[in-house]
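Every number here is computed from the coordinates shown, using simple stated rules; none is lab data. Here the structure is a predicted model, which means the values were calculated and not measured. Every residue, glycine as well, gets a Cβ built from its backbone with ideal geometry; the counts of neighbours run over all protein chains shown.
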Amino acid sequence: MFRSRMALVATATLASSMGLGPVQAAGVIGLAPHRAIYDVVLKEASDRSGIESVRGRMVYEFNGSTCKGYNTQFRFVTRIDVGDGVRVTDQRSSTFEDVAGGKFRFDNKSFTDDQLDKDVTGAASDTDGKVKIELTGPDKRAVELADSRFPAEHMLEVIALARKGQRVFESRIFDGSEDGDQTFLTTTVVGAAQKATGADPEVKAVAPLAGADYWPVSIAYFDEKAKGDQLPIYSQSFKLYDNGVTRDLTLDYGDFILSGKLTKLELLGKTDGDCK
C-alpha cells in the first residue's frame, strides 16, 4: 500500500480476536487497524542517481472499517547523502476512503529541507464507471479519469485474489499521489503463502502476527499514457498478511532502491470492530 506512501498496507493466529480465518480460507476480508514503523536504508543506487546513502523512517497508521471507511496517516522522512551535501525529505499523507460508497479524500504534502515542495488536496468518487476528481489545492480544477481502484479497495482486491490462488493480475489504481490527476496501471504478482522463521530479521517486530501466513507480493506501476513496451515507473515488493499488514519492503525507483524493515507493529483494534 505504499506508492503515495512513498507510494502503499492477515492472519491465522488473529482468527479468534479479529474474526479472520487462515490465509487459504474463504470468507469476509477486513483490514486491521494498526500502526507500523519501518526503518529505511539504501539498498542500491546507480551512479546516475548521485545518491551515496539514505537513512529514513516510515510511519503508517491505519484505522477504520469497511462500514465506516478507512483513515490513513503516513509520514516518511529520509536523510539523503548526495556527496556534496545532505538533503532531508519529508512526505506526509492523510486519506479517507469509503470503499462501499466509492469515495476517496487525500491531502499529500512533501518537504525538502523544511521547505514545502508540493501540497495536493482533493476528493475523488467512483461515478458512472469513471473516477471524478475535484482538486482543491494547489489549484481548483475537476478531472475525469478511467474507472480505477482506490488504495484500500485495491488492497482488499489483492488479498481476495491471493486467497483464491491467483498469482498474476492487473488493475488500474488512483491513490492521489503525484499531482492527484492521474491513474496508474499495475501488475501484481503474488507468491505462495509462507510463514516467518526464527531467522527472519523482522520476527520480533511481527510478534503480534506470530504463526500467521503471509504472501510475497510485488506490484509494478506503469504510466498508462506511455506508448508501446515500457518499464515500470516504480515498483514495490513486500510480505503481505491477510489483514493488510505489510513488512520487508523493497521500493524501486529505477535509479535507486530502498529497503524498509518493520521495527514496531501495534494492532489498534479488531478488524471492523466499529461496525454495528
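Structure data summary
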{"read-out": "Among residues of the stretch 172-189, those that are farther than 18 Å from Pro216 by Cβ and touching a helix residue (DSSP H, G or I) at 6+ places or on another chain (Cβ under 7 Å), counted", "value": "2"}
{"read-out": "Selected residue (criterion: farthest from Gly254 (Cα to Cα)) from residues of the stretch 201-222 that are surrounded by 15 or more Cβ atoms within 10 Å (Cβ to Cβ) and charged (D, E, K, R)", "value": "Asp213"}
{"read-out": "Count - residues of the stretch 229-260 that are part of a loop (DSSP other than H, G, I, E, B) and surrounded by 20 or more Cβ atoms within 10 Å (Cβ to Cβ)", "value": "5"}
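Residue-by-condition table, conditions (1) part of a loop (DSSP other than H, G, I, E, B); (2) hydrophobic (A, V, I, L, M, F, W, C):
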site: Asp179; (1), (2): yes, no
site: Thr188; (1), (2): no, no
site: Gly198; (1), (2): yes, no
site: Pro208; (1), (2): no, no
site: Ile219; (1), (2): no, yes
site: Phe222; (1), (2): no, yes
site: Lys227; (1), (2): yes, no
